[in-house]
Amino acid sequence: MQLRFLGGAGEVGRSAVLVDDSLLLDFGLLTAEPPQYPVGTPDPDAVVVSHGHLDHVGTIPALLSGSNRPPIHWTPPTRELALTLARDTLKLHGQSPHCPFTENDVKRVTEVSETHGYHESFEAAGYEVTFYNAGHIPGSAHVLVDDGETRLLYTADFHVDEVEAADPPAGFDAGEPPVGQRLVAGSAARPDADVVLCESTYSDVDHDPRATVEHRFVQSVKTTLWEGGTVVVPAFAIGRTQELLLVCAAHDIPCYVDGMGKEVTEMLRQYPEYVRDADALQRAKSHARFVTGRDGQRKRIADQPAAIVTTSGMLSGGPAMTYIPEIRANPVNKLTLTGYQVEGTPGRELLETGRAEIDGRVMPVSAQVEAYDFSAHADHGGLRRFLDSYDDAAILVNHGDRCVAFAEELRADGYDASAPELGATYSV
């Protein structure tokens, strides 16, 4: 089996791996200015997609711009999320270098789409492929590829639950503390594999217990609301927004939801089997108030003691551009960043300097700025627990800033581990 790394090697973004010049695993983009796309122009016989985040699906429609029409295999939620992201990209950046596909390309995606559930094996480009729950976002999958001689497990992005629930922090007021994300259960599948292509986003980090992170966030938000302030919660539309709505509902925090997260929340309710607790998600949706944005609604909301969960998660666009100028001057107000802030984004700039470029203007922010690690990726301990099941397999480390260092750590502990280079081909 030959693996060519078109993206995601030594970096977080534009994940794309070509198997034997025939089967393409993911085809994403790297968020930058301008965006970076996978290297090369693959012409696969079939495409298999792990999950619906831009760094894994953002360039999928471009595969259909020529005469080839390879089938695209994914879970039902991943299909819906990929199409939502593609249409949003067209809306924001159509006919520009920031959008490498056309509206017709997106329509073709619906024509070649084939959906599969977890544990349902299917044929793609002559391989037997099986999806397993990766615990990252709804519909996210580990991908097992079997050519009859070699079994390749592509972990893609994944999350594992904590070994056991931590003791709830004093004052934790939402029943049993979570052992992982409220939205999706962590990965528990460990299918037999000869080669494991493993993500390593947080290979150098050990996350605090989820109950501790949640408690800090809740106490901070409630304190601001008690003082009459407003909390703007920038969040990724897919996964993170729904997680935070679940947290707000569990702790009875009044909240609004704005941006693409509204559409995604409604869509995910159609796939109850892909979330941890469909009833809890319904309650969270009912608890939140959906923002229409009409008649100056956003400016009125920005004066209310409530949490506003809104895109974009890195402050690079979306309704956050309306809320931040409204709340930035009052030191009682807060911005709580809940996801990783890529270098060069306004969110990262705000954390480091206390000011950020918002809608073309550099603005100082007097409101309090905080960051919370609600990560949907396995941390160092989670990665090692996962790989405990694969001590006899060859490990290829990708999707991280420290792939080489993590591979070296694994080799020191007896694993056959290496970190592929971008554009290189490896035989496994």
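How big is the charge dipole of region 160-276 about its Cα centre, in debye rounded to the nearest 20, if each Lys and Arg gets +1 on its Cβ and each Asp and Glu gets -1 on its Cβ?
Values: 9 positive and 20 negative charges, 88 e Å.
For region 160-276, the charge dipole is close to 420 debye.
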Have a look at T84, Q95, V143 and report the one farthest towards the positive end of the charge dipole of region 1-152, computed about the Cα centre with Cβ charges (Lys/Arg +1, Asp/Glu -1).
Q95
Taking the Cα of S286, stepping 7 Å toward and past its beta carbon, and measuring to each backbone N in region 176-218: which are under 19 Å?
183
Please state the charge dipole magnitude for region 369-412, taken about the Cα centre, from unit charges on C-beta atoms (+1 on K and R, -1 on D and E), reported in debye and rounded to the nearest 20.
100
Write out the cysteines belonging to the chain for which the nearest other cysteine Cβ is not under 4.7 Å, or none if no such cysteine exists.
C99, C198, C403
Accessible area of the chain belonging to carbon and sulfur atoms, whole % at 1.4 Å probe
44
So if I take the centroid of the Cα atoms in region 199-213 and the same for region 79-150, what is the distance between those two points in Å?
27
Selection from M314, P325, Y202 lying farthest towards where the dipole of region 179-331 points positive, charges on Cβ
P325
Taking Cα pairs closer than 8 Å and at least 6 residues apart, the relative contact order of region 344-428 in percent is 17
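How about region 319-427: which trypsin sites (Lys or Arg not before Pro) there lie in a loop by DSSP and see at most 15 other Cβ atoms within 10 Å?
Details: sites: R328, K334, R348, R355, R361, R384, R385, R402, R411; in loops: R328, R402.
Counting only loop positions with at most 15 other Cβ atoms within 10 Å, none of the trypsin sites (Lys or Arg not before Pro) in region 319-427 qualifies.
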How much accessible area per residue does the chain have, counting only protein heavy atoms and a probe of 1.4 Å, in square angstrom?
40
Looking only at region 1-136, where both bridge partners belong to it, what percent of the DSSP beta bridges are antiparallel (to the nearest 5)?
60
At 7 Å along the Cα-to-beta-carbon direction for both Q95 and V369, put a label point, then send me their distance in nm to one decimal.
3.6
Looking at the chain, how many pairs of lysines come closer than 18 Å at the Cα, when each pair is eight or more places apart or spans two chains?
5
Can you tell me the relative contact order of region 302-353? Whole percent, Cα pairs under 8 Å, sequence separation 6 or more.
37
Pop the C-beta distance of D413 and Q36 into the FRET formula with R0 = 35 Å and round what comes out to the nearest 0.05.
0.60
Mind running the shape call on region 323-375? Use the C-alpha gyration tensor, a ≥ b ≥ c as the square roots of the eigenvalues: rounded below 1.5 for a/c, prolate if a/b tops b/c, oblate otherwise.
oblate
What GluC sites (Glu not before Pro) does region 229-336 have in DSSP loop regions with at most 15 other beta carbons within 10 Å?
none
What does the accessible area of R182 come to, in Å² to the nearest 10, when a probe of 1.4 Å is used?
50
Any idea what the dipole of the chain comes to, in debye rounded to 20, about its Cα centre with Lys/Arg Cβ at +1 and Asp/Glu Cβ at -1?
2080
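Which whole-number percent gives the relative contact order of the chain, counting Cα pairs below 8 Å spaced six or more residues apart?
Values: 993 pairs, mean separation 75.5, N = 428.
So the answer I get is 18 percent.
The values are calculated or read from the model by the stated rules, or taken from the named source; none is laboratory data. Owing to the predicted nature of the structure, the values given are computational and were not obtained by experimental measurement. Positions of Cβ are generated from backbone atoms using ideal geometry, with glycine treated the same way; all protein chains shown enter the neighbour counts. Heavy atoms of the whole protein, side chains included, go into the accessibility calculation; ligands, DNA and RNA do not. Shrake-Rupley method; radii C 1.70, N 1.55, O 1.52, S 1.80 Å.
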